[in-house]
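Contents: one structure, followed by commentary.
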Amino acid sequence: MNNIICACGHENPEGTVLCGNCGRPLTTEAKEQKLADMRYEGTARRSQTYNKTIIDKIWNFFSSVKIGISLIILILVAAAIGTILPQVLYVPATGAADIAAYYERVYGTFGTIYNKLGLSDLYGSWWFQTLIGMLGISLIVASLDRVIPLYKSLKKQRTTRHESFMKRQRLFAQGDNILGEETLTKSEEKLKELRYKVKREDGALLAEKGRFARWGPYVNHVGLIIFLFAVMLRAIPGFYVDETMWLREGETRAIPEVPGYYLESKEFILETYDKDQTKEVYGDAIDRVGTIASNYQTDVVLFKNPEGSLPGETDNLEEVKKGSIQVNKPLKFDGFAVYQMDFRLDELRTMHFNLVNKSSGESLGDLSVDLVDPKTKYDLGNGTTVELKGYYPDFSGFENGEPQTKSPVPNNPAFLVEMTTPETPEGETSFVAIKQTVEPLGDNEYKLEFQNVDTRDISGLTIRKDKTLWILALGGLIFMIGVAQGSYFNHRRIWILESKDGRLYVAAHTNKNWFGVKKELDQVTEVAQLPQYIDQQDKEAQELKKDGEKSS
């Protein structure tokens, strides 16, 4: 790369706009501008200098602000799409097949397409994580592309600046040096009183304060990068768990995403407010909805596989602890927390039938069908058997003559049975559902007569583990520090230059709050009798306004 040699003799890297030594404009565009572009002190940025190799092109792509904004918009749009239907974490189904069936059953064709496109697990999808990663890379590259040259420029900024640099500042003044040598002395004293750091050198003065405000946006970027890093960590096993499980009374199940641990539900307890005792507080609400829960909890026992046992083995489980899981009072163990989130009352557990002769009413025996794990064949003795040819836990009707089930949950159980008795050794076929019996092969001599049903309650539990919370909090804290740093403070500089012919040049710049720097410059002007400055941006606007009035 060819360096640019300024008229002052200083060598500047290619791409530099303002000389790092004297501040002269180095490019044709910079020379034509009335005000100097001070965003990055006119330094050379890598993205605006190198564009030959593939690395340069990748660097320039990610350093673009437009690319960063585009990525943010894409992430926001994707996140919005992810709210159209519930994510898989909040779907009462487990397993890919059951989840797909749920979306199809509840949301129809749209739900099927939504699930197949991976939108039902949007935030864990590879392409969403890719967008998050690209945004993080964009923040890192864009920050390095700007903050490194800015830091070098501010660290090595010169006290003496060329007149052309002074004249291109928004606040600028020139005039006679009324007080002579006392001008810089009095200016220095007043500026120090205003908490500026002052440097003097050969008839020139530089006063500066609030430089740390320039790093506010980059501190924001650091906070965002840490935050995004924590979000991506959630996709790595072991860092983040947010799973649901439905646990029935008396059931022992493996805890999802927690290898080796099992949970047994001993009892589900639901307590409600008494209308007479809470009439003043909940009386109207109870009249509207019937009952209001005051507490619901699941009494559980936590088990763990002993060391050396095979995966999935449940014969020798070791009891870890007993406890009650209530709302906002989780069961905690080994970094995990199990929360009580929902419940369902009176799920069908066991159905009891009686095999009877239709004409005489004679009973040949009773049988009980476990709706969670039904037997294939029931022997009632004396050569009488009942065989389950088909079980449909959530019967939804017939399709092409075949019975259908909506889900594996026993909400509306139905059975296709074959009954064999000494009088009917060839067997009789019957389809039995709640309040419905169909004899597809003609009238039968025997029938299964429904007696009663056993029910049980179900607890909806959520298992959570989050090792990224402290990283998220750290990122958020750093981000807010950057917001305060960039919003409530500003970088102010005042240059005073005494030329050899006795003329005095004054210039000032700030990254924001021009009213504040004007007020301070007014105080220095009054004490040191500096020439009155003008706001060249306001002057330019006034001139454009006058030109417009003349042309009209």
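Annotations for the structure displayed:
- Residue selected from segment 355-367 under the condition closer than 27 Å to residue 456 by Cβ and either of a type outside the set (Gly, Ala, Ser) or in contact (Cβ under 8 Å) with a residue 40 or more places away in the chain (or both), by the criterion surrounded by the fewest Cβ atoms within 10 Å (Cβ to Cβ): 366
- Residue count for segment 225-240 satisfying the condition of being part of a helix (DSSP H, G or I) and not β-branched (Val, Ile, Thr): 6.
- The single condition from (1) over 40 Å from the mean Cα position of the chain (by Cα); (2) crowded, with 19+ Cβ neighbours inside 10 Å that residue 439 fails is (2).
- Test: residue in segment 373-380 that is under 27 Å from residue 461 (Cβ atoms) and at pLDDT 90 or above: yes
- Within the option set 63, 143, 138, being farther than 30 Å from residue 344 by Cα, touching a Ser or Thr at 6+ places or on another chain (Cβ under 6 Å) and in contact (Cβ under 8 Å) with a residue 60 or more places away in the chain holds for one residue only, 63.
- In a residue-by-residue description of segment 214-235, the property of being closer than 18 Å to residue 508 by Cα, aromatic (Phe, Trp, Tyr), open to solvent by less than 40 Å² (accessible area, probe 1.4 Å) and in contact with a helix residue (DSSP H, G or I) (Cβ under 9 Å, 6 or more places away or on another chain) applies to no position.
Residue-wise test of (1) at pLDDT 85 or above; (2) part of a loop (DSSP other than H, G, I, E, B); (3) in contact with a His (Cβ under 9 Å, 6 or more places away or on another chain).
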| site | (1), (2), (3) |
| --- | --- |
| 44 | yes, yes, no |
| 50 | no, yes, no |
| 61 | yes, no, no |
| 75 | yes, no, no |
| 85 | yes, yes, no |
| 97 | no, no, no |
| 109 | yes, no, no |
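- Where a residue in segment 323-345 is closer than 12 Å to residue 247 by Cβ and open to solvent by less than 60 Å² (accessible area, probe 1.4 Å) and its partner, wherever it lies, is part of a loop (DSSP other than H, G, I, E, B) and of a type outside the set (D, E, K, R), with Cβ under 8 Å and at least six apart: 338/255; 338/330; 340/327; 340/330
- Tally, over segment 501-519, of residues that are free of Cβ contacts under 8 Å to residues at least 60 places away in the same chain and among the aromatic types (Phe, Trp, Tyr): 1
- Residue in segment 28-41 that is surrounded by 11 or more Cβ atoms within 10 Å (Cβ to Cβ), assigned to a loop (DSSP other than H, G, I, E, B), modelled with pLDDT under 90 and among the polar types (S, T, N, Q) present: yes
- Restricting the search to helices (runs of 4 or more DSSP H) fully inside segment 447-552 and requiring at least 1 residues that are closer than 30 Å to residue 343 by Cβ and at pLDDT below 95 gives 469-487.
- Residues (free of Cβ contacts under 8 Å to residues at least 12 places away in the same chain, open to solvent by 40 Å² or more (accessible area, probe 1.4 Å) and more than 16 Å from residue 394 (Cα to Cα)) located in segment 98-109: 109
- Taking segment 419-430 as the range and being of a type in the set (D, E, K, R) and either in a loop (DSSP other than H, G, I, E, B) or surrounded by fewer than 16 Cβ atoms within 10 Å (Cβ to Cβ) (or both) as the test, the residues that pass are 423, 426.
- The set of residues in segment 329-360 that are in a loop (DSSP other than H, G, I, E, B) and in contact with a strand residue (DSSP E or B) (Cβ under 9 Å, 6 or more places away or on another chain) comprises 330, 334, 335, 358.
- Checking residue 89 against (1) touching a strand residue (DSSP E or B) at 6+ places or on another chain (Cβ under 7 Å); (2) surrounded by 17 or more Cβ atoms within 10 Å (Cβ to Cβ); (3) among the aliphatic types (A, V, I, L, M), the condition it does not meet: (2)
- Scanning segment 296-322 for residues that are β-branched (Val, Ile, Thr), open to solvent by 40 Å² or more (accessible area, probe 1.4 Å) and free of Cβ contacts under 8 Å to residues at least 60 places away in the same chain yields one hit, 320.
- Here residue 265 meets each of (1) modelled with pLDDT of 90 or more; (2) surrounded by 19 or more Cβ atoms within 10 Å (Cβ to Cβ); (3) not in a strand (DSSP E or B) with one exception, condition (3).
To keep it simple, each residue is scored yes or no on (1) without any contact (Cβ under 8 Å) to a residue 60 or more places away in the chain; (2) exposed (fewer than 15 other Cβ atoms within 10 Å of the Cβ).
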position	(1), (2)
376	yes, yes
385	yes, no
396	yes, no
407	no, no
410	no, no
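The values are calculated or read from the model by the stated rules, or taken from the named source; none is laboratory data. Not measured: the values here are computed from a predicted model. Please note: Cβ atoms are built from the backbone with ideal geometry, for glycine as well, and neighbour counts cover all protein chains shown. We work out accessible area using only protein heavy atoms, side chains counted, and drop any ligands, DNA or RNA first. Shrake-Rupley method; radii C 1.70, N 1.55, O 1.52, S 1.80 Å.
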